[in-house]
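Peer 1: Please see the structure below; I have some questions.
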Amino acid sequence: QECSKKQKNDDTQSTSVDALSSNDGFEEKNEFHTLANAKILLSDCLACDNCMTSEEGARVFQQNQKELFRILNLNKKCDTSKHKVLAVSICPQSLPYFAAKFNLSVNDAAKRLCGFLKSLGVHYVFDTTIAADFSILESQREFVQRYQRRNQEEHALPMFASACPGWIRYAERVLTNLVTSHICTAKSPQQIMGSLVKGYFARQQNLSPDKIFHVIVAPCYDKKLEALREDFYTALYNSHEVDCVLTSGEIVQIMEQKNVSMKEMTEVAVDSLFDEIKEGDVVRHDGKRSDGYLEHIFKHAAKELFGMDVKEITYKALKNKDFQEVTLEKDGETVLRFAAAYGFRNIQNMVLKLKKGKFLYHFVEVLACPGGCLNGKGQAQTEDGKPDKALLNQMEEVYAAIPVRLPETNMHVQKMYQDWLEGMDSKKVQETLHTKYSAVNQTASNLDIKW
């Protein structure tokens, strides 16, 4: 089918699909049987169902609340051989949603959300900020290496960010070889968190990866597609790094079905991957509406390549607020030119310039959702599917107020590089923290794109 994202607007038709249970024949009544089937709105990215195979569609729809409850119910039965350790990892862009929606501080929201999940039977609740630390650090290093090779390698620059699965799918399925070689190879925070939980944490707990059921709470539905990628699956253990993705809105649906409120929940400290340590206050990375790849990579590159310490970054809005650029000048010459391109209108304009050979940028932080990750359609929508602008404004205020922590200052990350990953330049780092993006063959009609 034709790609519906070829139109230069962000108002594509939503496709609403009833989520299927992963065990349709499972009729046994349990304490979770009253939960409604989730409605999945597949308009967030190229996850309009035009580019999804029927198999992918079925597997995406299995990632719903009922799959979580199937595991919780198995754990309540006597057959311990079927028990799973249930771990939930929460994305930083989801916490402002819970804070704004329930009028809580972001730290209270994190603890009460942890308390709610543990009241269901979840064993561990993690914050994915540490995974974003790894992803940013690896992206920084890769950009510097690409910049240094720019005169020897045709596809070294520009480098595009790889954290947004909607953008990645669009690049692989529609833009193909024009773009894929330019995408940073660092895994997204979600999938690095999968490696941490199913790799590092499993080893610490002396568990086989297939004995852990790993759930991600994320702002958008595209993350469900990302979890299904073949490169994020370990055949030896028949185990995905991420078993199920639930959006922030789907978690609220569970609360509503169980008739509880966040404000009623007991505060429980969020778990750490390291022994019995608990997480402290919530922190974030630079960047107003994202994980801050642009700001961190820009400052790192300025220091490493030009010996310049950049304290504050000045954004220059171009055609709209979702397309902004940042430049670095030295001796009157522009030596770095970065951009943030959010939403498909800006992504398509960016690709047009690339095709015409008029692309001036060294790095672009690309996100499928206008407004960035906080505006993911799994949390920032009203009941009729429209953007909830008032809630989004509140979320942006909450997110901006969270203290910033540089990934370089996380001592746990530095220790894991040495103890678990065998050094920053090791083969294990490449295997664990990186992946490859390549064109996916489509039908002729999909390849013959007329912009």
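Peer 1: Please give, to one decimal in nm, the separation of the simple spin-label points placed at residue 426 and residue 185, each 7 Å out from Cα toward the Cβ.
Peer 2: Result: 1.8 nm between the two label points.
Peer 1: Counting only heavy atoms of the protein chains, get the accessible area per residue of the range 300-415 (1.4 Å probe) and round it to a whole Å² value.
Peer 2: I get 52 Å² per residue for the range 300-415.
Peer 1: In addition: What is the range 164-218 by shape, rounded, prolate or oblate, if you read a ≥ b ≥ c off the alpha carbon gyration tensor as root eigenvalues and call it rounded for a/c under 1.5, prolate for a/b larger than b/c, and oblate otherwise?
Peer 2: Values: a/c = 3.56, a/b = 2.69, b/c = 1.32.
Prolate.
Peer 1: Same structure again: Just to verify a number: FRET efficiency for residue 356 and residue 120, C-beta to C-beta distance, R0 = 56 Å, to 0.05?
Peer 2: 0.60
Peer 1: Give the shape of the range 209-258 as rounded, prolate or oblate, defined through the alpha-carbon gyration tensor: a ≥ b ≥ c are the square roots of its eigenvalues, a/c under 1.5 means rounded, and otherwise the shape is prolate if a/b is larger than b/c and oblate if not.
Peer 2: Note, shape of the range 209-258 comes out oblate.
Peer 1: While we're looking at this one, here's another question. Considering the Cα trace of the range 317-378, what is its radius of gyration and what is Dmax, both in angstroms?
Peer 2: Calculated on Cα positions, Rg and Dmax stand at 12.8, 46 Å.
Peer 1: Related question: Listed highest first by mean packing, meaning other Cβ atoms within 10 Å per residue, what order do 285-292, 420-427, 118-125 come in?
Peer 2: Values: 285-292: 22.5, 420-427: 13.2, 118-125: 18.1.
In decreasing order of mean packing, 285-292, 420-427, 118-125 become 285-292, 118-125, 420-427.
Peer 1: Follow-up. Taking all protein chains in place and a 1.4 Å probe, what share, in percent, of the accessible surface of the range 227-368 do carbon and sulfur account for? Before the final figure, lay out the partial values.
Peer 2: Numbers: 3030 of 6840 Å².
Carbon plus sulfur share of accessible area: 44 percent.
Peer 1: Let me ask something additional. Can you list which of the trypsin sites (Lys or Arg not before Pro) found in the range 131-175 are DSSP loop residues with at most 15 other C-beta atoms within 10 Å?
Peer 2: Working: sites: 141, 146, 149, 150, 169, 173; in loops: 149, 150.
Listed in order of number, the matching sites are 149, 150.
Peer 1: Applying 1/(1 + (r/R0)^6) with R0 = 35 Å to the Cβ-Cβ distance of residue 383 and residue 267, what FRET efficiency is obtained, to the nearest 0.05? Display every interim value, and only then the final one.
Peer 2: Values: r = 29 Å, r/R0 = 0.83.
The formula returns an efficiency of 0.75 here.
Peer 1: Next up: Per-residue counts of other Cβ atoms within 10 Å, averaged by peptide: what ranking do you get for 176-188, 70-82, 328-340, highest first? Working shown, then result.
Peer 2: Working: 176-188: 19.9, 70-82: 12.6, 328-340: 15.8.
So the order, starting with the most tightly packed, is 176-188, 328-340, 70-82.
Peer 1: Grab the Cα-Cα distance for residue 330 and residue 278, subtract it from 0.36 nm times how many residues apart they are, and report the gain in nm with one decimal. Kindly include the intermediate steps, with their values, before the conclusion.
Peer 2: Working: separation 52, 0.36 × 52 = 18.72 nm, distance 4.41 nm.
My answer for the length gained is 14.3 nm.
Peer 1: Further, regarding this structure: Is the shape of the range 269-416 rounded, prolate or oblate, going by the alpha carbon gyration tensor and its root eigenvalues a ≥ b ≥ c, with a/c under 1.5 for rounded and a/b larger than b/c for prolate?
Peer 2: Oblate, since a/c reaches 1.5 and b/c is not below a/b.
Peer 1: Residue by residue through the range 264-281, which ³J(HN,Hα) values in whole Hz follow from phi under the Karplus form 6.51 cos²θ - 1.76 cosθ + 1.60 (θ = phi - 60°), with glycine and proline marked x?
Peer 2: In residue order, the calculated couplings are 8, 7, 6, 6, 10, 5, 5, 6, 10, 6, 10, 6, 9, 5, 10, 6, x, 5 Hz.
Peer 1: Output wanted: per-residue J couplings in Hz (rounded whole) for the range 143-152, from phi through Karplus 6.51 cos²θ - 1.76 cosθ + 1.60, θ = phi - 60°, x for Gly and Pro.
Peer 2: Going residue by residue, I get 4, 4, 5, 5, 4, 5, 9, 4, 7, 9 Hz, with x marking Gly and Pro.
Peer 1: Averaged per residue, what accessible area in Å² does the range 160-246 show with a 1.4 Å probe, protein chains only?
Peer 2: On the way: 2380 Å² over 87 residues.
Result: 27 Å² of accessible area for each residue.
Peer 1: Quick query: amide H of residue 216 versus all other amide H atoms, modeled in the peptide plane; which residues come in under 5 Å with a sequence gap of 5 or more or a different chain?
Peer 2: 89, 244, 245, 246
Peer 1: Now for a separate question. Find, among the GluC sites (Glu not before Pro) in the range 355-418, those assigned to loop by DSSP (not H, G, I, E, B) with at most 10 other beta-carbon atoms within 10 angstrom. List each step's numbers first, then the result.
Peer 2: Working: sites: 365, 383, 396, 397, 408; in loops: 383.
In loop regions of the range 355-418 (DSSP not H, G, I, E or B), the sparsely surrounded GluC sites (Glu not before Pro) are 383.
Peer 1: Additional query: Taking a spot 7 Å from the Cα of residue 406 along the direction of its beta carbon, which residues of the range 265-305 have an amide N less than 19 Å from it?
Peer 2: Output list for this probe position: 283-288, 291-305.
Peer 1: Between the range 341-389 and the range 110-163, how many Å separate their Cα centres?
Peer 2: Their Cα centres are 18 Å away from one another.
The values are calculated or read from the model by the stated rules, or taken from the named source; none is laboratory data. These figures come from a predicted structure and were not determined experimentally. When we count neighbours, we look across all protein chains shown, and the Cβ atoms used for this are built from the backbone with ideal geometry, even at glycine. These area figures cover heavy atoms from the full protein model, side chains too; ligands, DNA and RNA do not enter into them. Shrake-Rupley method; radii C 1.70, N 1.55, O 1.52, S 1.80 Å.
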